[in-house]
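The values are calculated or read from the model by the stated rules, or taken from the named source; none is laboratory data. Keep in mind it's a predicted model, so treat the numbers as computed, not measured. So basically every Cβ, Gly included, is an ideal-geometry build from the backbone, and we count neighbours across all protein chains shown.
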Amino acid sequence: MTAYHYLMIDGSLNPEAMKALYAPEMALEVWPLLHATPYAALAASGPLLAVIEPDSSVDRQWQDQQPPCRHAWRWSSDLPPDEAVRHWQARLFMRAPHEREVWLRFADARVIARALQREAMPPGFWQHTVSVQLPGAGAFSPWERQHPDSPPFVLSERRLAALAAPSDKEEVA
């Protein structure tokens, strides 16, 4: 199995991320997840999927939580980049109760950390994810916390509330 290494970066928290990631010796590829969606005009400030090499310059910037990787998170997958883009685009806009569509800010590591802590991610969210690493923490398998054979998901009101409520010590961007 080939493992691909990625950073998920929130472009709104790192306004110069697109430019920085395209610089020499940074990301191998950059995929703005809002591209080819109704929100394409916001692509640079939306979630950015960066294909990286472990121990690269951009990986070290992520480890130090320096722009363009502030509040980003690292993950590995068996999906090649083009399939990973479609995979995460399918998770970007989610169904909530009462037929509402919500935009999940999963590119912000603080949202992911809160969701993991509160067990708020819908079943099946981590499909095709081999490992996840949040800033300042070790890598782990998200499958230890989820069931892989779950159907497509909808966010319940409880899960929406758990994702939306900041923790007491979290800075608000």
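Check region 73-85 and report whether any residue there is surrounded by 22 or more Cβ atoms within 10 Å (Cβ to Cβ), among the basic types (Lys, Arg) and under 14 Å from the mean Cα position of the chain (by Cα).
Looking for residues that are surrounded by 22 or more Cβ atoms within 10 Å (Cβ to Cβ), among the basic types (Lys, Arg) and under 14 Å from the mean Cα position of the chain (by Cα), one finds at least one in region 73-85, hence yes.
Which of (1) farther than 23 Å from Gly138 by Cβ; (2) part of a loop (DSSP other than H, G, I, E, B) is the odd one out, the single condition His71 does not satisfy?
That leaves (1) as the condition not met.
Can you tell me which residues in region 24-55 are hydroxyl-bearing (Ser, Thr, Tyr) and either at pLDDT 90 or above or in a strand (DSSP E or B) (or both)? Quick ask: steps written out before the conclusion?
Let us first name the residues in region 24-55 that are hydroxyl-bearing (Ser, Thr, Tyr), namely 37, 39, 45.
Result: Ser45, single match.
Pairs, please: C-beta under 6 Å, at least 6 apart or cross-chain, first residue under 14 Å from Leu7 (Cβ atoms) and of a type in the set (A, V, I, L, M, F, W, C) and in region 38-57, second at pLDDT 95 or above and surrounded by fewer than 18 Cβ atoms within 10 Å (Cβ to Cβ)?
Close Cβ pairs (under 6 Å, with a partner that is at pLDDT 95 or above and surrounded by fewer than 18 Cβ atoms within 10 Å (Cβ to Cβ)) amount to Val51/Leu28; Val51/Glu29; Val51/Pro81.
Looking only at region 84-135, which residues are within 21 Å of Gln61 (Cα to Cα) and either part of a helix (DSSP H, G or I) or touching a His at 6+ places or on another chain (Cβ under 9 Å) (or both)?
Going through region 84-135, the residues within 21 Å of Gln61 (Cα to Cα) turn out to be 106-113, 131-135.
Scanning region 84-135 gives Ala107, Asp108, Ala109, Arg110, Val111, Ile112, Ala113, Pro135.
So is Met18 in contact (Cβ under 8 Å) with a residue 24 or more places away in the chain, closer than 28 Å to Met94 by Cβ and assigned to a helix (DSSP H, G or I) or not? Give the derivation first.
Numbers: in contact (Cβ under 8 Å) with a residue 24 or more places away in the chain: yes; closer than 28 Å to Met94 by Cβ: yes; assigned to a helix (DSSP H, G or I): yes.
Yes, satisfied.
Condition first: of a type in the set (Gly, Ala, Ser), surrounded by 22 or more Cβ atoms within 10 Å (Cβ to Cβ) and over 22 Å from Leu104 (Cβ atoms). Can you find one or more residues in region 21-35 that meet it? Steps first, please.
The first filter runs over region 21-35 and keeps only residues of a type in the set (Gly, Ala, Ser), leaving 23, 27.
Of the ones still in play, those that are also surrounded by 22 or more Cβ atoms within 10 Å (Cβ to Cβ) are 27.
Now restrict to residues that are over 22 Å from Leu104 (Cβ atoms): 27.
Yes, region 21-35 contains at least one residue that is of a type in the set (Gly, Ala, Ser), surrounded by 22 or more Cβ atoms within 10 Å (Cβ to Cβ) and over 22 Å from Leu104 (Cβ atoms).
Residues that are touching a Gly at 6+ places or on another chain (Cβ under 9 Å), among the hydrophobic types (A, V, I, L, M, F, W, C), closer than 27 Å to Gln65 by Cβ and modelled with pLDDT of 85 or more: does region 96-109 have at least one?
Yes: region 96-109 contains one or more residues that are touching a Gly at 6+ places or on another chain (Cβ under 9 Å), among the hydrophobic types (A, V, I, L, M, F, W, C), closer than 27 Å to Gln65 by Cβ and modelled with pLDDT of 85 or more.
As an exercise: evaluate Arg70 against (1) without any contact (Cβ under 8 Å) to a residue 40 or more places away in the chain; (2) within 14 Å of Leu7 (Cβ to Cβ) and give the number of the one condition it does not meet.
Result: Arg70 fails condition (1) only.
Applying the selection to region 86-106, what residues are in contact (Cβ under 8 Å) with a residue 60 or more places away in the chain, crowded, with 16+ Cβ neighbours inside 10 Å and of a type outside the set (Lys, Arg)?
Matches in region 86-106: Trp88, Met94, Phe106.
Return the residues of region 83-121 that are in contact with a Ser or Thr (Cβ under 9 Å, 6 or more places away or on another chain) and within 23 Å of Tyr4 (Cβ to Cβ); say none if nothing qualifies.
Glu83, Ala84, His87, Gln89, Leu92, Arg105, Ala107, Asp108, Ala113, listed by residue number.
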